[in-house]
1. Is one or more of the residues making up segment B:124-137 out of contact with any helix residue (DSSP H, G or I) (no Cβ under 8 Å at 6 or more places or on another chain), outside the structural domain of residue B:63 (by TED's automatic domain parsing) and assigned to a helix (DSSP H, G or I)?
2. Working only within segment B:1-26, note down all residues that are at the interface with another protein chain (Cβ under 8 Å from one of its Cβ atoms), under 17 Å from residue B:63 (Cα atoms) and either surrounded by fewer than 19 Cβ atoms within 10 Å (Cβ to Cβ) or touching a strand residue (DSSP E or B) at 6+ places or on another chain (Cβ under 7 Å) (or both).
3. I'd like the full set of residues that are within 16 Å of the chain's Cα centre (by Cα) and not in a helix (DSSP H, G or I), limited to segment B:52-80.
4. Check whether at least one residue in segment B:61-78 is within 18 Å of residue A:9 (Cα to Cα) and not assigned by TED's automatic domain parsing to the domain that holds residue B:20, and report yes or no.
5. What residue, of B:78, B:48, is modelled with pLDDT under 90, over 21 Å from residue B:103 (Cβ atoms) and out of contact with any helix residue (DSSP H, G or I) (no Cβ under 6 Å at 6 or more places or on another chain)?
6. What is the number of the single condition among (1) surrounded by 13 or more Cβ atoms within 10 Å (Cβ to Cβ); (2) under 30 Å from residue A:18 (Cβ atoms); (3) within 21 Å of the chain's Cα centre (by Cα); (4) modelled with pLDDT of 75 or more that residue A:141 does not meet?
7. List the number of the failed condition for residue B:130; all other conditions in (1) surrounded by fewer than 22 Cβ atoms within 10 Å (Cβ to Cβ); (2) touching a residue at least 12 places away in the same chain (Cβ under 8 Å); (3) over 12 Å from the mean Cα position of the chain (by Cα) hold.
8. Within the bounds of segment B:139-156, is there any residue that is over 18 Å from residue B:27 (Cβ atoms) and touching a residue at least 40 places away in the same chain (Cβ under 8 Å)?
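The values are calculated or read from the model by the stated rules, or taken from the named source; none is laboratory data. Bear in mind that the values here come from a model prediction, so they are computed numbers and not experimental data. FYI the Cβ positions are ideal-geometry reconstructions off the backbone, even for glycines, and counts take in every protein chain you see.
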């Protein structure tokens, strides 16, 4: 490598924002913990009865284990441009400057908490209800595209409805 | 987490800066470079099988996502200053370093897309020519000639 290349290589690079890790890593789809599946079975004395009991326990474990959830704590878009986020269920968010949001995407629940500001949603359909909570009210949808604004001067919502 | 997603997470953590720099070279906008990274990893975390060279595959996915982002909304007409480099290093940076950085950034933006991307991928993206050839799907000789030609143009512009 020649002198010019070495000198260029030493130049300090622009760094990504601190929120990038949360945006990227929150997209890893969660998985249930592996159960006792695959363990060697040495004791033949109890035969199929015990095997069935283990099977029942495994089914109960899978049924009772907590649902997979991806949580992102409150995060504020401090940049001057809207930020696009893709949630674990495929829902797309366009977070406008100065908006503060948190979200939790799981098997049973999907919600976004909008503390302040404006966010545009493109909700992935087919995964049940999607709730947006703001200080002044709550919106629940199944799969649609919409915008929510929450500012301190807003009055609380009186009617709540569902939109598909 | 699957083994593949664990490997992807490690690649992201170890190569976040080069991946971001390579995306920035395409989008020329810090925000869009981050969007590209996020979109690429959204798709990568849903892969069913691990590709042969995962690192090169990740760089290719990020580059493709950056190209998609640019297709959807072209880069701003105002050039990003100083392009892929940190805007201001404060008192640690001498006036000479700052001037060199500004001139390299300007010179890089005058190169063709192929030359600029190859130089960024090799010098700051920590990719070997063989890996760049793989991710761009071109012969190795093409990559090395893009790089050589680009460096020669940079040298001429910086000496002017």
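1. Within segment B:124-137, not a single residue is out of contact with any helix residue (DSSP H, G or I) (no Cβ under 8 Å at 6 or more places or on another chain), outside the structural domain of residue B:63 (by TED's automatic domain parsing) and assigned to a helix (DSSP H, G or I).
2. Selection gives B:16, B:17, B:21.
3. B:75, B:80, listed by residue number.
4. no
5. Among B:78, B:48, only B:48 is modelled with pLDDT under 90, over 21 Å from residue B:103 (Cβ atoms) and out of contact with any helix residue (DSSP H, G or I) (no Cβ under 6 Å at 6 or more places or on another chain).
6. So residue A:141 meets the others, but not (2).
7. So residue B:130 meets the others, but not (2).
8. yes
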